[in-house]
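So the structure is just underneath, and the comments pick up after that.
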Amino acid sequence: MKHIKGVIFDLDGVICHTDKYHYLSWKKVADELGIEFDEKINNRLRGVSRMESLEIILEKSVKSYNDYEKNQIAEKKNSIYRQYLMTMTPNDISRDVHDTLYLLRDKGYYLAIGSSSKNAKLILEKTQLLNVFDAISDGTNITHSKPNPEVFLKAAEMLNLPPNNCMVVEDAISGIIAGNNAKMITIAIGDANNSEVATYNIEKLSDIISILEN
Ligand code: B16
Ligand code: MG
């Protein structure tokens with residue numbers, strides 16, 4: 001894949017496992033509101049923005065909430081979530097992820113984050129990965145959620161690369177579709193690994209090395 005010069009990584013579910021913190025935080029909020037919420041519903045929240053995640057959770061609610069109340073609920077979830085994020089350290093990054101990122105840098109690839117999260121920079125700061133990435137495109141610079149390609153197109157633009165020179169690594173189907181919509185090579189990992197929407201499916205992040213060298 002000689003034409004690939006940049007690799008854009010989703011954050012939650014690819015670089016780190018903040019998905020467990022999203023689950024615990026939404027679960028606490030949903031329990032308090034008496035709304036059914038489980039791992040299956042949680043999987044639908046992967047790659048989906050905070051407010052859209054709340055809308056999915058509220059599908060099970062008998063009560064309806066106005067915009068003010070919805071903002072209050074989302075803020076509550078975010079403050080619980082950020083308390084978990086504050087406990088993160090470089091140890092929350094697996095050896096496989098860490099070594100793959102540094103190897104790609106050594107090989108001269110440009111690396112970017114393409115995440116829906118507004119907490120991406122905090123997570124990268126706590127795990128000491130901020131300097132590994134040449135660009136960070138996240139929930140703070142987009143108006144359209146995945147599967148809209150905006151977050152990845154912005155990442156490519158920040159890397160000064162045309163989209164077809166970029167590859168996207170994602171754990172969410174919505175993210176894979178976003179990468180496909182951006183006309184990028186897509187790699188599915190984790191939860192998206194069993195689907196047939198991506199260009200390639202991988203088990204662990206280091207598997208992208210052989211794909212890139214093919
Ligand atoms: P925040 P990603 C996504 O991260 C999560 O998968 C999704 O569950 C979350 O709702 C979204 O970020 C927004 O996160 O509340 O921190 O802004 O997978 O796109 O890196
Ligand atoms: Mg994700």
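A short reminder: the numbers here are calculations on the coordinates, not readings from a lab. This is a predicted model, so every value here is computed, not measured. Every residue, glycine among them, receives a Cβ derived from its backbone with ideal geometry; neighbour counts consider all protein chains shown.
Of note:
- Computed FRET value (nearest 0.05) for Asp31 with Tyr200, which takes r as the C-beta separation and R₀ as 41 Å: 0.60
- Here the Karplus curve 6.51 cos²θ - 1.76 cosθ + 1.60, taken at θ = phi - 60°, turns the phi angles of the range 88-93 into couplings of 6, 9, x, 5, 7, 9 Hz, with x standing for Gly and Pro.
- Rounded to whole Hz, the Karplus (6.51, -1.76, 1.60) HN-Hα couplings of the range 118-131, x for glycine and proline: 8, 9, 4, 5, 4, 4, 5, 5, 5, 9, 6, 10, 3, 7
- Segment Lys183..Lys70, full-extension length gain: 37.2 nm, with 0.36 nm per residue of separation and the alpha-carbon distance subtracted.
- By average C-beta atoms within 10 angstrom, highest first, the peptides 178-185, 192-199, 131-138, 34-41: 178-185, 131-138, 192-199, 34-41
- Exposure proxy for Cys16, Cys166: other Cβ atoms within 10 Å of each Cβ, ordered fewest to most, give Cys16, Cys166.
- Rounded if a/c under 1.5, otherwise prolate or oblate - the range 29-81, Cα gyration tensor axes: rounded
- Environment charge at Asn194 (Cβ cut-off 12 Å; Lys +1, Arg +1, Asp -1, Glu -1): -4
- Structure note, pairs Lys126/Lys183; Lys107/Lys146; Lys76/Lys183; Lys183/Lys204; Lys20/Lys70; Lys27/Lys183: Cα-Cα distances above 27 angstrom occur for Lys126/Lys183; Lys107/Lys146; Lys76/Lys183; Lys27/Lys183.
- Residues Ile142, Ile209, arranged from fewest to most other Cβ atoms within 10 angstrom of their Cβ, appear as Ile209, Ile142.
- Measuring between their Cα centroids, the range 93-137 and the range 8-37 lie 20 Å from each other.
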